[in-house]
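For reference, the structure discussed in these notes is given below.
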Amino acid sequence: MPRLVMFSTKPYDQRGFDSEAVGRQVEIEYLETRMDVHTVALAQGADAVCIFVNDDASEPVLEALANGGTKIVALRCAGFNNVDLDAAGRLGITVVRVPSYSPNAVAEHTIALILSLNRHIHRAYNRVRDGNFALDGLVGFDVAGTTAAVIGTGQIGMIVARLLWHFRCDVVAVDPYRDQHLLDLGVEYVELDEALERSDIVTLNCPLVDETHHLIDAEAIAKMKPGAMLVNTGRGALIDTVAVLDGLKSGQVGSLALDVYEEEGELFFEDRSAEIIDDDVFARLLTLPNVLITAHQAFLTREALGAIAETTIANVLTVASGSTSPNQL
Ligand code: NAI
């Protein structure tokens with residue numbers, strides 16, 4: 001029976017995996033710690049490790065895994081920017097992922113961020129709880145009739161675009177591949193520059209790869225429609241955060257919603273409410289009234305957690321039995 005060591009485990013992960021593992025030929029050991037060069041030894045002798053978005057699967061960590069006899073790295077997420085795939089291939093480690101668990105979960109969270117940020121729900125909630133029923137500062141705009149750009153219309157972006165279309169936005173899309181269903185709805189595929197120039201709302205739903213690193217940098221921000229809303233539920237480093245902060249300060253960026261942050265590995269998924277945040281860029285963002293941040297929770301629905309556990313266990317069992325998983329990278 002393959003032994004799977006799971007890093008960065010939270011109670012909600014364990015519940016999903018425990019119920020999915022019932023009756024399956026797999027032994028799971030749960031660790032709370034993140035996988036990195038210091039903790040990787042905890043997986044010594046495991047057939048597979050299961051990791052999440054902020055675990056470190058760089059070359060030295062993969063080398064340690066290979067030396068310890070581990071042959072499978074199972075990502076329990078879609079993005080794989082934290083894994084050195086070349087090194088994995090060289091070391092004979094098979095990397096599997098969960099390409100799709102609930103694109104609805106991420107797309108719906110993206111829409112939740114857009115609506116909340118626009119109508120200042122995050123501020124209104126606190127005001128009302130504080131007995132402050134003043135409305136000054138809470139003026140939003142009608143989403144209907146605005147132009148919204150969806151950057152990346154894969155599984156998640158396609159749903160985001162469809163939902164925005166249902167809100168009666170003019171939806172423009174940027175993607176080297178055109179989705180026929182979106183074209184049929186009247187969504188227009190354009191180049192990034194044109195999307196930035198035309199749009200009141202820009203949402204990033206593409207993967208983080210070399211060519212999308214800092215896709216939204218100072219130059220791109222200068223091309224945006226002044227005062228536009230920027231939303232990132234993709235990966236933190238799609239955005240040059242310092243440049244966006246400058247854009248917010250100048251008013252060029254009207255508002256910002258993030259579910260991901262380029263330095264989130266040092267912050268997210270832990271209770272740090274009693275600590276002093278020493279990331280000054282992040283701390284400054286938190287002070288701005290037109291910034292709404294969630295801590296990488298777009299995926300967090302019951303349906304998505306169940307699907308993640310089901311696919312991950314299937315991935316591990318398939319590869320451990322010597323077969324090829326359709327979710328191999
Ligand atoms: P997908 O692979 O189905 O779609 C990505 C799309 O982006 C593809 O259509 C691709 O052609 C397009 N793309 C690639 N490079 C591009 C570029 N330079 N400009 C415009 N489009 C480009 O992936 P999916 O499932 O839609 O997920 C997208 C990303 O969302 C993931 O890579 C992951 O980083 C992120 N994600 C975030 C989650 C969260 O909890 N915040 C959860 C799941 C995924």
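Listing for the model above:
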{"item": "Accessible surface of the range 1-110 [probe 1.4 Å, protein heavy atoms]: carbon and sulfur percent", "result": "47 percent"}
{"item": "Solvent exposure of the range 35-148 as accessible area per residue, Å², 1.4 Å probe", "result": "45 Å²"}
{"item": "Surface accessible to a 1.4 Å probe, SER273 within the full protein complex, Å²", "result": "100 Å²"}
{"item": "Dipole magnitude (debye, nearest 20) for the range 218-329, charges at Cβ of Lys, Arg, Asp, Glu", "result": "520 debye"}
{"item": "Separation of alpha-carbon centers, the range 149-202 and the range 258-327, rounded to whole Å", "result": "25 Å"}
{"item": "Accessible area of TYR101 in the full protein assembly, 1.4 Å probe (Å², nearest 10)", "result": "50 Å²"}
{"item": "Structure-based [θ]222 nm, the chain - -39500 (n - 2.57) summed over DSSP H runs of at least 4, per residue, nearest 500", "result": "-11000 deg cm²/dmol"}
{"item": "The range 189-292 - accessible surface per residue (Å², probe 1.4 Å)", "result": "45 Å²"}
{"item": "Ranking by accessible area, most exposed first, for MET1, MET224 with a 1.4 Å probe", "result": "MET1, MET224"}
{"item": "Most fluctuating residue given options GLU275, GLU266, GLU20, as computed from a GNM of the chain linking Cα atoms under 10 Å", "result": "GLU275"}
{"item": "Amide H within-cut-off set for VAL253, under 5 Å, with H built and near neighbours excluded", "result": "GLY227, LEU248"}
{"item": "Gaussian network model of the chain, springs between alpha carbon atoms under 10 Å - residue of ASP240, ASP18, ASP278 with greatest fluctuation", "result": "ASP278"}
{"item": "Share of carbon and sulfur in the accessible heavy-atom surface of the range 196-329 [1.4 Å probe, %]", "result": "49 percent"}
{"item": "With all protein chains modelled, accessible area of ARG97 [1.4 Å, Å²]", "result": "60 Å²"}
{"item": "Heavy-atom accessible surface of the range 118-177: percent carbon and sulfur, 1.4 Å", "result": "56 percent"}
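The values are calculated or read from the model by the stated rules, or taken from the named source; none is laboratory data. Not measured: the values here are computed from a predicted model. Don't worry about glycine lacking a Cβ; one is built from the backbone with ideal geometry, like all the others, and counts go over all protein chains shown. When the accessible area is computed, the model is the full protein with side chains, heavy atoms only, and any ligands, DNA or RNA have been set aside. Shrake-Rupley method; radii C 1.70, N 1.55, O 1.52, S 1.80 Å.
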